[in-house]
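The values are calculated or read from the model by the stated rules, or taken from the named source; none is laboratory data. Remember, predicted model here, so these are calculated numbers, not experimental data. Reconstructed Cβ throughout: ideal geometry from the backbone, glycine too, with neighbour counts over all protein chains shown.
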Amino acid sequence: MTPREKSYGTGWRNFTTTLRYGRAQARCECDGRCGRRHPTLLRQRCNNHHNRPSKEMRGLVKLQAAHLCKCDPLCQDPAHVLMLCQPCHLRFDMKENLQKRAIKRILRQQEKSAIAPETPPKGNYSRESIPPVTST
Ligand SMILES: [Zn+2]
Ligand SMILES: [Zn+2]
Ligand SMILES: [Zn+2]
């Protein structure tokens, strides 16, 4: 049992097992929303299966529950959860983290500009110095 599963409580393991073998049919449920381009060309859904090897990674695929919601504490609502393989899960989390970081950065910038007086940006970012294209 991973620490994460422990913190969710004992019901969590049953919940993910049911989803993994029930709804997901032991196959990654990602339909492309992780942002990866899946090797499956015809269908958008990821073709990694639980406990099977994958060309995309070493070892065996383990499907893990990824929350799509912002429930706090994390819920056990099947509609809020997708069973994802490791490559999809990693990518999915990365996207989430990047978004969170971007939001934080914007908030920080807003705080700064609220305190400090506005200063013009340093350096010359103008693109006007590019010479016009001449055809021969
Ligand atoms: Zn939820
Ligand atoms: Zn996947
Ligand atoms: Zn995916």
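Just a few scattered comments:
- Among the residues making up the stretch 20-43, those that are within 21 Å of Glu96 (Cα to Cα) and not small (Gly, Ala, Ser) are Cys28, Glu29, Cys30, Asp31, Arg33, Cys34, Arg36, Arg37, His38.
- Test set (1) within 25 Å of Gln25 (Cβ to Cβ); (2) touching a helix residue (DSSP H, G or I) at 6+ places or on another chain (Cβ under 9 Å); (3) more than 14 Å from ligand 2 (Cβ to nearest atom) - Ala79 fails condition number: (2)
- Pairing each residue of the stretch 19-38 that is aromatic (Phe, Trp, Tyr) with any residue that is surrounded by 18 or more Cβ atoms within 10 Å (Cβ to Cβ), provided the two are 6+ apart or on different chains, yields no C-beta distance under 7 Å.
Each row is one residue, and each column tells you yes or no for (1) free of Cβ contacts under 8 Å to residues at least 24 places away in the same chain; (2) within 30 Å of Glu56 (Cβ to Cβ); (3) out of contact with any Gly (no Cβ under 8 Å at 6 or more places or on another chain).
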residue: Val81; (1), (2), (3): no, yes, yes
residue: Met94; (1), (2), (3): yes, yes, yes
residue: Leu98; (1), (2), (3): yes, yes, yes
residue: Ile103; (1), (2), (3): yes, yes, yes
residue: Ile115; (1), (2), (3): yes, no, yes
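- Wholly within the stretch 1-85, strands (runs of 3 or more DSSP E) carrying at least 1 residues that are of a type outside the set (A, V, I, L, M) and modelled with pLDDT under 95: 57-60, 64-67
- Extreme residue, surrounded by the most Cβ atoms within 10 Å (Cβ to Cβ), among residues of the stretch 96-129 that are modelled with pLDDT of 75 or more and farther than 30 Å from Cys69 by Cα: Ser113
- Note on the stretch 56-95: residues that are under 26 Å from Thr10 (Cβ atoms), within 16 Å of ligand 3 (Cβ to nearest atom) and surrounded by fewer than 17 Cβ atoms within 10 Å (Cβ to Cβ) amount to 4.
- Residue within the stretch 24-31 that is closer than 19 Å to Gly11 by Cβ, out of contact with any Cys (no Cβ under 7 Å at 6 or more places or on another chain) and buried (at least 16 other Cβ atoms within 10 Å of the Cβ) present: yes
- Residue check for Cys46: more than 16 Å from ligand 1 (Cβ to nearest atom), surrounded by 14 or more Cβ atoms within 10 Å (Cβ to Cβ) and closer than 23 Å to Glu96 by Cβ: yes
- For Gln110, the test of being within 22 Å of Thr18 (Cα to Cα) and not charged (D, E, K, R) is failed.
- Residue that is of a type in the set (S, T, N, Q) and in contact with a helix residue (DSSP H, G or I) (Cβ under 6 Å, 6 or more places away or on another chain), where the choices are Gln64, Gln44: Gln64
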